[in-house]
Amino acid sequence: MKISVWIEAARLRTLPASLVPVLVGSSLAWSHGLFHLPATITALLCAILIQIATNFANDYFDYRHGSDTADRVGFTRASASGQITPKTMLSAALMTFSLAFLLGLYLVFHAGWPILVIGLLSIASGILYTGGPFPLAYNGLGDLFVFIFFGIAAVMGTYYVNALQWSQEAFWAAVAVGSLSTMILVANNYRDVHTDRKTNKKTLVVLLGERFARWQFLLLAVVAFAIPPHFYFRESYELVVLLPVILLIPAFFLILHFWKEDQKENFNTILIQTAQFMTAFGVLFSLGIVLSN
């Protein structure tokens with residue numbers, strides 16, 4: 001079996017959703033003089049593994065639910081296309097989740113039971129996102145799941161394993177990161193709205209409509225851009241924390257493209273651009289936090 005098939009199944013293009021939270025959370029810890037390199041590296045590896053495992057699980061469960069039909073306009077799914085057998089895909093998901101859990105035991109030993117709770121909930125949610133009797137993504141809860149686990153839990157959890165304490169600043173940074181991660185999901189679900197509607201996959205776009213999704217995409221970007229000024233005006237960070245503001249023009253054209261594009265197959269490009277926007281925002285925000293010290 002070609003390694004390229006597994007790389008496609010892992011959906012590496014969406015990895016900013018796991019990389020950026022760790023980058024931002026550890027940058028805050030660095031700025032507070034509480035950075036812990038082994039914990040940060042382990043948190044990064046766990047975040048990547050949990051996201052890849054979730055993607056494998058989604059590939060399997062979406063196939064089981066019949067939502068990956070022949071007229072799907074998104075990227076090729078390995079189970080539905082027959083490139084990887086469903087049994088093999090499920091085994092890969094469980095093995096990857098297990099590896100994340102084993103690595104995470106170091107973080108539990110280092111930082112205590114709060115990280116055990118966050119880790120177990122993250123793994124459980126990764127499975128229940130499209131699996132189980134009440135799959136989150138099929139009942140309008142996917143956006144909330146992404147905001148919480150790829151934003152609040154990931155950023156605050158990363159800060160905690162470094163600092164061994166919670167931080168109000170980490171919460172506000174997590175709001176920005178969670179908003180950016182959810183933008184990626186909105187682009188994904190907007191692209192798939194027609195096939196999701198046919199297969200009874202009730203994403204927010206299906207439930208509330210495409211007009212709602214366009215406004216949601218815009219609002220999430222506004223929330224993300226509101227956080228660096230909060231750090232400057234309310235948390236007494238230096239002016240350099242406003243570095244993400246230089247992305248306002250690229251963000252404007254990304255949002256405009258989202259609003260104006262009427263060919264769903266072109267949302268594969270918008271999805272990639274949204275992930276790139278999240279990466280750039282995360283890097284600039286983290287850099288601004290570190291240089292403000």
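Readers should treat all values here as calculations from the given coordinates under stated rules, not as data from a laboratory. Source: prediction; values computed, not measured. As a convention, Cβ positions derive from the backbone with ideal geometry for all residues, glycine included, and neighbour counts pool all protein chains shown.
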Normalising by the residue count of the chain, find the relative contact order in percent from Cα pairs under 8 Å and 6+ residues apart.
-> 25
Over segment 145-234, what per residue volume does the convex hull of the Cα atoms give, in whole Å³?
-> 91
Dipole magnitude (debye, nearest 20) for the chain, charges at Cβ of Lys, Arg, Asp, Glu | 500
Using the charge dipole of segment 167-293 (Lys, Arg: +1 at Cβ; Asp, Glu: -1 at Cβ; taken about the Cα centre), state which of Q273, S181, W259 has its Cα farthest towards the positive end.
-> W259
Rounded to a whole number, what is D in µm²/s for the chain from Stokes-Einstein with the Kirkwood radius over alpha-carbon pairs (20 °C, 1.002 mPa s)?
-> 111
What is segment 126-207's relative contact order, in percent, from Cα pairs under 8 angstrom and six or more apart in sequence?
-> 34
Ranked packing of 262-272, 44-54, 92-102, 167-177, most packed first, by mean Cβ within 10 Å | 44-54, 167-177, 92-102, 262-272
Global geometry of segment 192-264, whether rounded, prolate or oblate, following the gyration tensor of its Cα atoms and the 1.5 cut on a/c | prolate
Dividing the mean separation of Cα pairs under 8 Å (6+ apart) by the residue count of segment 167-293 yields a relative contact order in percent of 34
Once fully extended, how much extra length lies between W215 and L102, figured as 0.36 nm per residue of separation less the alpha-carbon to alpha-carbon distance?
-> 36.6 nm
Approximate shape of segment 167-293 as ellipsoid semi-axes (Cα gyration tensor, √5λ), whole Å, largest first = 30, 14, 11
Once the mean 1/r over all distinct Cα pairs of segment 49-120 is inverted, what Kirkwood radius in angstroms do you read off?
-> 13.4
What is the log10 of I(q)/I(0) for segment 32-166, computed with the Debye formula using one identical point scatterer on each Cα and no solvent, at q = 0.10, 0.14, 0.15, 0.16 Å⁻¹?
-> -0.36, -0.66, -0.74, -0.81
Going fewest to most other Cβ atoms within 10 Å around each Cβ, R13, R211 line up as R211, R13
